[in-house]
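The values are calculated or read from the model by the stated rules, or taken from the named source; none is laboratory data. This is a predicted model, so every value here is computed, not measured. Using ideal geometry, Cβ is built from the backbone for each residue, glycine included, and neighbour counts are taken over all protein chains shown.
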Amino acid sequence: MPETGFGLGAPVLHCGAMHCHCDPAEPLFTTESERVVWETLKRGLEQGDWLLANLRLTDEAKDHEVDLVLLRPGAGGGVV
């Protein structure tokens, strides 16, 4: 079961000795395809990885939403 509190308050998933982070732990998606991609990425998380959903980027003119962000320390990241 996810626990909260790893510095930034994101849920920490304990997979054996591995710690990976999902924020939010149970995201709400507008489409089934977003949920499928989330679940697929979540199953492949490695120690230290971050998986973020529904990240909002806002400026004076407009709101933008990034559906999914995968951060893999030492390897890079990906944005959907």
- Message: Checking Gly5 against (1) in a loop (DSSP other than H, G, I, E, B); (2) at pLDDT 90 or above; (3) not aliphatic (A, V, I, L, M), only one condition comes out false. Which one?
- Response: (2)
- Message: Can you tell me which condition Leu28 does not meet? The list is (1) outside any loop (DSSP other than H, G, I, E, B); (2) among the aliphatic types (A, V, I, L, M); (3) at pLDDT 85 or above, and all the others hold.
- Response: (1)
- Message: Yes or no: the stretch 48-58 includes at least one residue that is surrounded by 11 or more Cβ atoms within 10 Å (Cβ to Cβ), in a loop (DSSP other than H, G, I, E, B) and out of contact with any Gly (no Cβ under 7 Å at 6 or more places or on another chain).
- Response: yes
